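Heads up, the thing below is written out as C-alpha cells.
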Amino acid sequence: MQTPYSHLIDLNDYPVTWWNKVVKLGAEIYQHPQRYVQACAGKIMATLFYEPSTRTQMSFQSAMIRLGGSIIGFDNPMSSSVSKGENLKDTTKVVSSYSDILIIRHPMAGSALAAAQTADCSVVNAGDGGHLHPTQTLTDLLTLHMEKGRLGHLTVGLCGDLLYGRTVHSLCKALSCYEGNEFVLISTPELQMPDYILKILDQSGCTYRVETSLDTAIGELDVLYMTRIQRERFASEAEYLAQRDVYCLTPEKMAHARPDLAVLHPLPRVDEISVAVDADARALYFKQAQYGMYIRMALILMLLESKPKHDLLHGIADAHLRCVNSKCITATESYLPHRFLQTDDGMVCEYCEERVL
Amino acid sequence: MQTPYSHLIDLNDYPVTWWNKVVKLGAEIYQHPQRYVQACAGKIMATLFYEPSTRTQMSFQSAMIRLGGSIIGFDNPMSSSVSKGENLKDTTKVVSSYSDILIIRHPMAGSALAAAQTADCSVVNAGDGGHLHPTQTLTDLLTLHMEKGRLGHLTVGLCGDLLYGRTVHSLCKALSCYEGNEFVLISTPELQMPDYILKILDQSGCTYRVETSLDTAIGELDVLYMTRIQRERFASEAEYLAQRDVYCLTPEKMAHARPDLAVLHPLPRVDEISVAVDADARALYFKQAQYGMYIRMALILMLLESKPKHDLLHGIADAHLRCVNSKCITATESYLPHRFLQTDDGMVCEYCEERVL
Amino acid sequence: MQTPYSHLIDLNDYPVTWWNKVVKLGAEIYQHPQRYVQACAGKIMATLFYEPSTRTQMSFQSAMIRLGGSIIGFDNPMSSSVSKGENLKDTTKVVSSYSDILIIRHPMAGSALAAAQTADCSVVNAGDGGHLHPTQTLTDLLTLHMEKGRLGHLTVGLCGDLLYGRTVHSLCKALSCYEGNEFVLISTPELQMPDYILKILDQSGCTYRVETSLDTAIGELDVLYMTRIQRERFASEAEYLAQRDVYCLTPEKMAHARPDLAVLHPLPRVDEISVAVDADARALYFKQAQYGMYIRMALILMLLESKPKHDLLHGIADAHLRCVNSKCITATESYLPHRFLQTDDGMVCEYCEERVL
C-alpha cells in the first residue's frame, strides 16, 4: 500500500542513510536558521494530540513557525469531536484536507500508521502509546552529532527503567546501526533491558555490559542517557526507597565522570537527576530539548519535499490471525486492514508489533 | 439597528444573489488558491467556541491562514473568563477590539445575533445551539455547485432524522430558492420533516415526496444527503435495532444508485454510512468537508470587504411579549433588547425563532 | 543575579522614566499601527497560562501577531506536562529555548520571578496569583495618557474592594509617582485601602480622602476606577444586599459626574457597573481593554530590543529566614535560591513580598 505522501511512522521504515540526512540537515538549520525562515511559507501543520504532551507539541509548533509555516490543532481530546465518538479515520481525513502535514499523538499503538493510510497529507508519529516516538530518537541523534561530533565509537550508558522505557529501546536500536558503539546498561535486576534489544545489539556487533550501579559505571562513559524509574515499577515501597538514590544523578556522582561526558534525558524528569546537576556544563538535557526543535524543522522539510519511497503497509493479510493487544489501534478502529509481520519470535501485528494469535 | 460591520448570522438575512456570489468566489478560490494567499494579511480572526467543535473551528482557522491572516481564540469554555461569570457582551466586545472577524459557536439560540449587536468587528455564526449553522449550508451549496454543476433541477434525497436535523432544514430551505429541485424525504414516520419546512417547499413550487425506505428511493437521486439518527430518537431500543439498517448506507444500497450520485454528510458520522462506502467515488462527504474550508475563505473575504447592507435587528419591540425558550440567549443575557417577528404562526422571538407568550 | 534578557516581573524594577517610555511607545503604536506590522517578524511568543485568563492571553497574542510575530502556548494546565509533575523550571527552560519571549500566568506569588532566573528568553509576568499584574497597570497608564492627556494632576476615585484589590493597589502606587494626583478612596469600612498603600501616598506627597458613598464622591472626579466587590467579602448576606447598590455604578449616578469623567474597570465586571452605563461616552472600560493590546505591543518591543539594566534578584540570602507563605512559589519549587528584602515592616520574601520568619 503506497500513499502519495511521505510519512514518518517508524524510524525503521527508513535506512540509516536517511537518518544521517535528517541529522545533517538539522545541524545545518541549527547553524543557519535564517536560510530557512521561508522554507514552509504558506504551509499548515495540524497537531492532533489525543493525549497532552506540551513539550512535544510546542516543539513541533515552533519548528513549523520557524520555517515560516502556520499551525492549527487541538491538545485536548475532551474539547474535540473525538468526544462525540468520531473515528480516527474521519478526523484525520478531514483535518488532513485542511493542512500539509499532520502530527499525531495518540494513546493507542499503531494509531499513526492507521492515520497515514487515509490522510491527504504527510503524517508524523509524535508518540503512539508506549509503542514508538521516532522524533525523540532523531532528537537524540542530532544531540550526539552536535555535542560528540559522531554517532559511532561511543560508550553510552543507559540508566533507569530499561525494561519499559520506549525511548532507550529506540535509541539502542538506532545506535546499534553505527559502528563501534558500546553500551553500559544500568538498572535494577527487575528493570533490565529486554532480550529482544540485547539480541539486536548482539547481531549488530555492538558490545554491551549490564551494571546495577551508576556510581561504578559513570567514569567510563562518553554519554549518560538517564530515564525515569516510576515508583510503581519497584517491587515494594521499601525497595523503591532503598534503590532510588542508586539511580539518581547527583553532583557527587558527576565528580567521577569524564570532563566531556554528555548527560541526556528525554524529559520530563522527576527525581532522577538532581536540580543541582543543571549547572554542570555536561548537563545537556535542556540543550537536547532545543535540538528537538531543529531536528523537527529538518524532518518537516524532508517529508514535505520528498516523494514517498516505501509502502506504508508491508505485512501480509491472514484471516486466521488476529491481534489481541487491547492497546492496539486495530482494537478500536474496526475498518483497518489487518496486517502481520514474520519475525524471529513468530507473527506480530504490523500496527503494534505485539505477538498475535 | 445597523452596525458598521458585515455579519453572517442567518443565511436568510441575505438574498439568493449573495449566496451565489459567495459560492462563485469559493469556487474561484478553490481553483486558484495562490491568488488569495495575501488577501487577509495583517488581519486577525478570533474563534470563540463556547462548545467544542474541532472540525468547524479548524476549518475556519485554516481558511483564515490560507488567506494570509492569523488566528486567536479558545475552544474550551472552562479555560475562559466565561467560567468567572462574564456575560457574552463583555467577552465579545473586548475580543472584537483585538480582532477583525469573530467566529462564535455557542449552545444558546440567538447568541451570534446577540454578539453582533455590540462587537467591534464582523461576526459569523458558527452554530448557535440547535438553531442555525449557516456556513454548513454554504458548504453544501458549494459542494453541489462543484460536483453537480448546478443548484437547481436536482433530485435530492434527505435521509435520517428529518425532524430534529438542523442541517437538513436549512439545506431544504436554501435549495427551495432554486428552480426545479425535487426532494425525497426519507425517514421513519416519527422523524419526518416538520410541517413548516413542507409549507416552504409548497410555497416555493418545489415538489417533494415522503419515503420510509432508502432502498426504494436511492435509484432516482442526484444527491443523497445523509444525517445521523440518534438512538434516543427511536420509540424503543427494539425499534432502533429494527430500523437502523433501513437508514444505513452500505455498498449494497450504493449498487442501486446512479453512477453520478453525490453522497453528502455534514459529519461527524457514526453508523449511518458504512466505512466500506468511503472507497466509492460517489462518496463525497470528505471532499464536502474540504469545500467547507474554501467557502469559509470566500465568506471571510466577502464580509471583510463589503459594507453592511441590512439592519441587524428587524423585529418589533413589544413590552407585552416575552420569549419563553430556556435555550434562547435572551434567557441568560438580560441586557439584550427583545425583538419579535410576525410570522404565519404568530409572533416569534427574533433571537431563537420560537413562539412567544 | 543578572540574566542576558530583559524581563518585566514587577513595575517597580523600572524607574518612572521607563514607564513613560513604554506609555509613549504604546500611544505611538496606537496612532500608527502600520509602522509596526513587521517589528517582530520571525519572533515567537509563548504564553504559559497555568490558570486560565482568556482576555489577558488573547491581548498578548493579538499584540504579538500585530507586530508580525507568532504564538505558541497552553491555556490549560491539565493538558500540559505540569500534570505529570514537572517543575516550573524545566517547563520554562525548555519552552524558552523554542521562543523569544515568554508570558507566564501562574497561581503562585513569585512564579514569574522564579521562571526568569533560568529562562533562555525574556519573561513577562501576566499575573502571579494575588501578587502582581504589571501589564494591567501599564494598560491603566496608557488609558489615562490617551484619554486624559496626562498622568498627574488628576482626581482619581477608586471604588469597590480596596483591601484585597491587587489592581487598585498597583495603580495607586504607580500614580503616586506622578505629581499632583488626588485620590478618593470609596469603599465600605471593612474593605478600606491597606495602611501600607496609604503610607506610600503620604510619602509621595499625594493627597487622599476616604469616602463610603460613590454618590457623594462622583461629582468631583476626573477618573473613576471601579472594581468588583466579591459577595463573600461582606460581613453577611444582609450586609451585601444593603451595601451593593451603594457601590454599583448606574446611569443615575453618572448624571452627577463631570462631562469628562473617565470610567475605568480592569474587567471582568459582574454587577458593579450597570450594563446601561455602557452606552455612556464616559464609559471607557472596553476602550481600556483595547489599549491593553497596544501597551503590550509596546512592552514586547521594549523588552526584545533593550539590554537588561538591573539584577533579577536584589535581596540577601539568610539561612535563618524562611518564607511561610503557602502561596509563594518557594513553597513548591524547592531549588529556588531564597532571598529577602529589608522593608520598614521588617524582612519580606523577595518572591511574594510577605513577612517572613
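The values are calculated or read from the model by the stated rules, or taken from the named source; none is laboratory data. Treat the numbers as computed from the prediction; the structure is a model and nothing was measured. Positions of Cβ are backbone-derived with ideal geometry, glycine not excepted, and every protein chain shown enters the neighbour counts. With ligands, DNA and RNA removed, areas are computed over all heavy atoms of the protein, side chains included. Shrake-Rupley method; radii C 1.70, N 1.55, O 1.52, S 1.80 Å.
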Exercise. Can you tell which of A:THR143, A:THR155, A:THR167 is open to solvent by less than 10 Å² (accessible area, probe 1.4 Å), touching a residue at least 24 places away in the same chain (Cβ under 8 Å) and among the hydroxyl-bearing types (Ser, Thr, Tyr)?
Worked result: A:THR143
Exercise. If you take the residues of segment A:328-337 that are in contact (Cβ under 8 Å) with a residue 12 or more places away in the chain and within 14 Å of another protein chain (Cβ to nearest Cβ), which of them is nearest to the chain's Cα centre (by Cα)?
Worked result: A:THR330
For this session: Kindly establish whether B:ARG150 is more than 20 Å from B:CYS248 (Cα to Cα) and of a type in the set (Lys, Arg).
Result: yes
Problem set entry | Scope segment C:266-324; condition among the small types (Gly, Ala, Ser) and over 30 Å from C:ILE229 (Cα atoms); matching residues | C:ALA298, C:SER306, C:GLY315, C:ALA317, C:ALA319
For this session: Could you tell me which residue of segment B:58-86 is farthest from the other protein chains (Cβ to nearest Cβ), considering only residues that are assigned to a helix (DSSP H, G or I) and modelled with pLDDT under 95?
Result: B:PRO77
Exercise. Between a first residue in segment A:54-71 that is at positive phi and a second residue that is open to solvent by 10 Å² or more (accessible area, probe 1.4 Å), which pairs have beta carbons less than 9 Å apart while being 6 or more apart in sequence or on different chains?
Worked result: A:GLY68/A:TYR36; A:GLY68/A:VAL37; A:GLY68/A:GLN38; A:GLY68/A:ALA39; A:GLY68/A:ALA41; A:GLY68/A:GLY42; A:GLY68/A:LYS43; A:GLY68/C:GLY42
Problem set entry | Lone unmet requirement of (1) away from every other protein chain (no Cβ under 14 Å); (2) over 25 Å from B:ASP120 (Cβ atoms) for B:GLN288 | (1)
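Yes/no per residue for (1) buried (at least 18 other Cβ atoms within 10 Å of the Cβ); (2) more than 14 Å from chain C (Cβ to nearest Cβ); (3) outside any strand (DSSP E or B); (4) of a type in the set (D, E, K, R):
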site	(1), (2), (3), (4)
A:PRO4	no, yes, yes, no
A:LYS24	no, yes, yes, yes
A:GLN38	no, no, yes, no
A:LEU48	yes, no, no, no
A:PRO52	yes, no, yes, no
For this session: Taking only segment A:292-327 into account, find how many residues are within 14 Å of chain C (Cβ to nearest Cβ) and open to solvent by 20 Å² or more (accessible area, probe 1.4 Å).
Result: 1
Problem set entry | Test for C:ALA289: is it of a type in the set (A, V, I, L, M) and open to solvent by less than 30 Å² (accessible area, probe 1.4 Å) | yes
For this session: Mind listing whichever residues of segment A:168-182 are in contact with a helix residue (DSSP H, G or I) (Cβ under 6 Å, 6 or more places away or on another chain) and within 17 Å of A:PRO134 (Cα to Cα)?
Result: A:HIS169, A:SER170, A:LEU171, A:CYS172, A:LYS173, A:ALA174, A:SER176, A:CYS177
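Matching residues to (1) in contact with a Cys (Cβ under 9 Å, 6 or more places away or on another chain); (2) under 24 Å from C:ASN12 (Cα atoms); (3) not assigned by TED's automatic domain parsing to the domain that holds C:LEU25:
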| residue | (1), (2), (3) |
| --- | --- |
| C:LEU249 | yes, no, yes |
| C:HIS256 | no, no, yes |
| C:ARG269 | no, no, yes |
| C:GLU272 | yes, no, yes |
| C:TYR285 | no, no, yes |
| C:LYS327 | yes, yes, yes |
| C:THR330 | yes, yes, yes |
Exercise. Does at least one position in segment C:150-167 carry a residue that is under 9 Å from the mean Cα position of the chain (by Cα) and in the same structural domain as C:VAL210 (by TED's automatic domain parsing)?
Worked result: yes
Exercise. All but one of (1) more than 27 Å from B:ARG150 (Cβ to Cβ); (2) crowded, with 22+ Cβ neighbours inside 10 Å hold for B:ILE218; which doesn't?
Worked result: (1)
Seminar exercise, completed: Filtering segment A:267-286 for residues that are part of a helix (DSSP H, G or I) and crowded, with 22+ Cβ neighbours inside 10 Å leaves a count of 1
Problem set entry | Any helices (runs of 4 or more DSSP H) falling wholly within segment B:179-266 and containing at least 3 residues that are within 21 Å of the chain's Cα centre (by Cα) | B:195-204
Seminar exercise, completed: In segment C:324-357, anything part of a strand (DSSP E or B) and within 22 Å of C:THR91 (Cβ to Cβ) is listed as C:CYS328
Exercise. Is one or more of the residues making up segment A:90-112 on the phi > 0 side of the Ramachandran plot, more than 14 Å from chain B (Cβ to nearest Cβ) and surrounded by 24 or more Cβ atoms within 10 Å (Cβ to Cβ)?
Worked result: yes
Exercise. Does C:TYR291 satisfy being under 14 Å from C:SER59 (Cα atoms) and modelled with pLDDT of 95 or more?
Worked result: yes
Seminar exercise, completed: Reported set for segment B:201-215 where residues are surrounded by fewer than 20 Cβ atoms within 10 Å (Cβ to Cβ) and out of contact with any Leu (no Cβ under 6 Å at 6 or more places or on another chain) is B:ASP202, B:GLN203, B:SER204, B:GLY205, B:THR207, B:ARG209, B:GLU211, B:THR212, B:SER213, B:ASP215
Exercise. Of the numbered conditions (1) crowded, with 19+ Cβ neighbours inside 10 Å; (2) charged (D, E, K, R); (3) touching a Ser or Thr at 6+ places or on another chain (Cβ under 9 Å), A:GLU239 satisfies every one except a single condition; which is it?
Worked result: (1)
